1. How do 396-408, 131-143, 363-375, 82-94 rank on mean C-beta neighbours within 10 Å, highest first?
2. I'd like the Karplus ³J(HN,Hα) series for region 399-408: coefficients 6.51, -1.76, 1.60, θ = phi - 60°, whole numbers in Hz, and an x wherever there's a Gly or Pro.
3. Treating the Cα atoms of region 82-178 as identical point scatterers in vacuum, please give the log10 of the normalised Debye intensity I(q)/I(0) at q = 0.19 Å⁻¹, two decimals.
4. Quick one: which residues, 5 or more positions from F143 or on another chain, have an amide H under 5 Å from its amide H? H modelled 1.01 Å from N in the peptide plane, none for Pro or chain starts.
5. As a quick test, which of the pairs K135/K448; K258/K425; K230/K318; K317/K376; K182/K438 have an alpha carbon distance above 26 angstrom in this structure?
6. Starting from the Cα of D455, step 7 Å along the direction of its Cβ; do the same at Y337; then give the gap between the two resulting points in nm.
7. Scan around H155 for amide H atoms under 5 Å from its own, H built in the peptide plane at 1.01 Å from N, and keep only partners 5 or more places away or cross-chain.
Amino acid sequence: MPKYNIKGIATKCGEAIIVHGVRSNTKNTVYQERFVTMGKVQTLFKMFSKIGEDKSMYDRYLTLRAFGTYVIYDKWKIRRMKKFPPAIVENRILFETNDDFTDNGRALFDYMVANGYNRKYELVWLVHDPSKYKKYETENVKFVEGFKKHSTIRHAVAYRYALTSRYIFYTQAFNWIGMARKGQTFIDLWHGCGYKANKNNRKVFFDYCLVPGDVFIKTKMEFFGCSSKKLLAFGYPRYDQMLAGSDAARAYREKLLKESDSEKLILWMPTYRHASSERLNEETLNNEFNIPILDTKESLLAFNNFCRDNHMLVVIKKHYLQIPYDFGENVLTNIVYLENQDLEDNGLQLYEFINCSDALVSDYSSVAIDYLLLDKPLGFTLDDYEAYTESRGWVFENPLEYMPGEHIYNVQQFEQFVLDVKNGKDEYGEKRAQVRAKTHNVTDCYCKRVLDYFDINP
C-alpha cells in the first residue's frame, strides 16, 4: 500500500480549489461564493485527520479526494440545479431507504414490479453500489449511486433525480435535498412505531408519513410537530411480506432448525443499547454483550445449553444501530446471530423471515407492534424497564398495557417462556387482539392501499 502525505494532499487540493475559484471568478460569481481560503482548507484538513483515524492512509486519501471533487464540481452543479431545476418527470418515482435496498421501500418496490407498475412508471433507487443490484434491473427500473465512494457526500446525479421525481418514497430522512418543489409528493414510509419516547425531534420534510394505527397519530404529531393530516394510518408496506412469508424464508428456517437439532424457532430482536452513534446510545444496560437478561458469558452459555437440551433455537437479529455482539466462534449451538449478509445470501428480506418464527422476544422495539399482526406468542425482556423509564420514557402513559405477552425480568422467566413456546402454551391471544385493535387500523393489502391513495395505478 503506497504512503500518502495527507497534509500535502490537503494543501494541494486547497490550492487547486482556490486557483479554480480565482480563474472562474470572472465567469460566474457562484464559484467565488463556494470556494474557500487556505485557512479554511487547513481547518478541513484537521477535520479529515480526526475522521477515520482507524482507516488506512489510502482510504483517507480517497475521502479527501472525494471531498475535493465535490467542492470543485458537484456542489457548484447542485447549486445550479436548485437555482434552475430541471422539469419534473410525471411518471418518475424515487426510492431511498436507511439500509440501502431494504425495508418498506423495498417491499413497495417489489409489489410494484410484481404487478406491472414499472410498465407505466420509471422506478429509480438511490443506493450505495448499483452494481450489486443489476439482477433487479428490468423495464423502467434504475439503480443510481447516491453517495460518492469513501464519503457521505451526495452525487450531483442523486440531486437531479430527487429534483425531477414526481413521487419520492423514503425511510427516515430525506431533508438532504434542502427543498421541495411544487408538483412533488414526499412520502416518509418510516421505520416503525414502538414504545420508546422520541429522543430527538426532527424537522418535517414530508407531505405524508405512515403509521400503523390511530394511537400513533398523536405521538408522531408531537414528534414531527405536524398536523394529523400528514399522518396516514395505513400500516407499512413490509407488512405484506411479513404476513405472506416466502418459500425461501421457510427453507432457511428449516435449514437452521436442522443444523441446531431444534423443533421450534424463537426470534429475538432487542432494541439497541450501544449504538454505532454515541449520540444515540441508551445507557440502561451495563453488561458484556449489551443485550437484556443475559449479562455474562456464563449466563449466555447456560441459556444456550438450556435451549439445546429442549431442542429450541433462538435467533438474535440485532437492531441496525447496535454495535455487533462478540460471542466468539463456535461457542453457541442453539443461539444464532442473524446478520444482514445471511439474509442477503439467502435472497431474503427480514420481514419474510419474521413470518417463519414461532414466537418473538423483544423489549421496546417497534417490531413487537408489527408482530401483533401474526398473532403469535410475544415475550418482553424488561430488566432495564425502570432505567429506561428514567432515561428515555415512553409514548404511552402505561406502556406495559401495550405489551400483551410474557413480561421477562430474569433468566428463569426467559427459560419458562421458551418452554411455553415449545409446549404450545399461549395465554395472551385475547390480550393481543385488544392491543392490536388499538395499534393497527388495517390488517391487509398494505402496498396497494398506499399506492391507491396517491392514484398510482398500473
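Since every read-out is calculated from the coordinates, none of them should be taken as a lab result. Because the structure is predicted, anything quoted here is derived from the model rather than measured. Every residue, glycine as well, gets a Cβ built from its backbone with ideal geometry; the counts of neighbours run over all protein chains shown.
1. 363-375, 396-408, 82-94, 131-143
2. In residue order, the calculated couplings are x, 4, 5, 9, 10, x, x, 5, 9, 10 Hz.
3. -0.92
4. W125
5. On the way: K135/K448 24 Å; K258/K425 23 Å; K230/K318 31 Å; K317/K376 18 Å; K182/K438 36 Å.
As for pairs spanning more than 26 Å Cα to Cα, those are K230/K318; K182/K438.
6. The two pseudo-label positions are separated by 5.1 nm.
7. F147, K148
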